[in-house]
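Contents: one structure, followed by commentary.
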Amino acid sequence: MTMDIQEVILEILDKGCADGCIQDTRKIEGFETVDQLQVLGVLKSLESKEIVKYETIEQEILTLTSEGEEILENGSHEVRLFNIIPAQGMEGLEISKVSEILGASVGKIGQGKAFQNKWIKKTADNKLERVVDAVTDETQKALALISSGSIGDGGAGVALDAKMIKELKRRKLIVGVKKQTYKVFKGQKYSRQVKQEATDLTYEMLQSGSWKDSEFKKFNFNSKGIPSAGGSIHPLLKVMEEFQQIFFEMGFEEMKTDKYVETSFWNFDSLYIPQQHPARESQDTFFIKDPQHAKSLPDFQNLVQQVHEIGGFGSIGYRYPWSKTESQKLVLRTHTTAVSAYMLHKLSKSGRKLPMKLFSIDRVFRNESVDATHLAEFHQVEGVIADKSISLGTLITFMDVFFGKMGIKKLKFKPAYNPYTEPSLEVFSWHEGFQKWVEIGNSGIFRPEMVRALGLEPGVQVIGFGLSLERPTMIKYGINNIRSLVGHKVDINMVKSNPFCRLDKN
Ligand SMILES: N[C@@H](Cc1ccccc1)C(=O)O
């Protein structure tokens, strides 16, 4: 049977009941087979529109067991026992006869109860005699009440107290199941007709003016919302964006880093890295097989060659024969400093005003053995500043500000070596979580052999620093294997479920 639950409830409320409410939704005519959960759904929806109010009542529904049913039909054991004993004044019944007439179990329980109720007594010659005239079968009556579902109405005149129910349960004549039922009242906005609530203000409503009389569905601020099915931003990209933001805040311009293949010239020679440097060997660098060499080199190659071979700008150079073919070798760039060198040259040639503040965040490649924290490719975050009267103090102050914006307050610098910077500083930060100093980057003041050859004027200094993007991302997202962050083993769910993070947390 399909029944409009809402319609029935509203109809009853409309007619009005004793105190204007429905006492028990379970007792509504025709609701015997209706699931109260369905009723609850209707009540909730009506309540949200303030059409009804309701209270939940925890109710114990009692049902008879098969033994209970049997007693309902034949009477209780004790009454059946009482009934086979002759009336008062007459000779009693021999105990041994009891089980013959009633069966062992009924007889035994019946005797126990009848003695307890002081209905019978035992004579010296093992006979049972009545002590009272007549008895009423309270058990059977209680079961009849339970069976008819009229408990609580008090109609039959038998008080079915908690003690009796407990006793019937103990005797396994009834079982109780906890269920919920509802008491329903008219709400403040009670109406027989339920208006369909609008969920959106539409163009049509505005045009026709119907919005004035429309009821709008309330927002449910507790609703979690539907998880978005579309793309999510990878943690590396989120952290990248945060770095970008810091650079922009500090007045940096982003460099174009879309070429993974560079000449050795830009990757090494222009940075005053000698051609015999171990970083230029194939264990450290990926060389391109086809084509192996760039067709030409920039026009200031002679100056670079000269600085390497005999020096200049106050330097005596490395004093070795510089090879053009070596410089033409194509490589997968090992650092984005290749791009910084290119941009410093290009911008100073075009007469760009100082200071020049440039940054990049992009992929670099190193022929390293891969493990849980190293891949043959990673992302480098790099910044350079060219200006007059820049000193080591400027570099340190800059780093304090830059890393401070990421929430990294405690920095320590350690002297290091780079062929292209002097002095060079390794940057360490105090990691609260790990309770130790962690290396976060590398930095320095670019050597005159490099920046003067690139075309920067005398008196202009350039500071630079670089760090990996993966390291802070792994720390932030608690990822300890780099392969979970980059490459084919990345779990798409990890990408979807990780929120945007701010670098300044822990
Ligand atoms: N190129 C360096 C980073 C760096 C950039 C600029 C100046 C000093 C150091 C590296 O690979 O680690």
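Overview of results
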| item | result |
| --- | --- |
| P(r), alpha carbons of region 8-62 - 5 Å bins starting at zero, rounded % | 4, 16, 30, 30, 15, 4, 1 |
| Unit charges on C-beta of K, R, D, E only; dipole of region 259-367, Debye | 420 |
| Relative contact order (%) - criterion: Cα under 8 Å, at least six apart; region: region 67-122 | 39 |
| Sum of side-chain charges, residue 88 neighbourhood, beta-carbon under 9 Å (Lys, Arg +1; Asp, Glu -1) | -1 |
| Footprinting exposure proxy for 260, 54, 272 (fewest neighbouring C-beta atoms within 10 Å first) | 260, 54, 272 |
| Other-chain or far-sequence residues with amide H under 5 Å of residue 469's (modelled H) | 379, 380, 381 |
| Reciprocal mean inverse distance between Cα atoms of region 1-129 - Kirkwood radius, Å | 19.3 |
| Mean separation of Cα contacts under 8 Å (6+ apart) over length of region 426-471, as relative contact order % | 35 |
| Spatially proximal aspartates and glutamates relative to residue 186 (Cα-Cα < 20 Å; intrachain offsets below 8 disregarded) | 4, 7, 11, 14, 19, 24, 29, 47, 50, 55, 197, 215 |
| Rounded to 10°, Cα long-axis angle of helix 392-405 versus longest principal axis of the chain | 20 |
| Whole-Å distance, taken between Cα centres, linking region 216-292 and region 131-151 | 85 |
| Greater than 19 Å apart at Cα, pairs in 224/476; 44/217; 15/183 | 224/476 |
| 15 Å cut-off, amide nitrogen to a point 7 angstrom out along residue 389 Cα→Cβ, residues in region 447-475 | 459-461 |
| Convex hull volume of region 235-294 per residue (C-alpha atoms, cubic angstrom) | 147 |
| Hydrodynamic radius (Kirkwood) for region 179-257, which is based on Cα pairs only, to one decimal in Å | 19.3 |
| Lysines with Cα under 21 Å of residue 256, excluding same-chain neighbours fewer than 8 positions away | 238, 346, 349, 353, 357 |
| Volume per residue of the C-alpha convex hull in the chain, rounded to whole Å³ | 329 |
| Region 321-326 - phi-based ³J(HN,Hα) in whole Hz, Karplus 6.51/-1.76/1.60, Gly and Pro as x | x, 7, 10, 5, 4, 4 |
| Partner lysines for residue 108 [C-alpha distance under 17 Å; skip if fewer than 8 residues away on the same chain] | 97, 118, 121, 122, 127, 172 |
| Local net charge near residue 449, Cβ-Cβ under 14 Å (Lys/Arg +1, Asp/Glu -1) | 0 |
| Over the chain, relative contact order from alpha-carbon pairs under 8 Å, at least 6 apart, % | 13 |
| Calculated [θ] (222 nm, deg cm²/dmol) that DSSP helices of n ≥ 4 give over the chain, each run adding -39,500 (n - 2.57) | -9500 deg cm²/dmol |
| Region 36-56-region 322-391 distance, computed between alpha-carbon centres (Å) | 67 |
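Read-outs throughout are calculated quantities, based only on the coordinates presented, and are distinct from any laboratory measurement. What you see is a predicted model; the values in this text were computed from it and never measured. We place every Cβ from the backbone using ideal geometry, glycine too, and count neighbours over all the protein chains shown.
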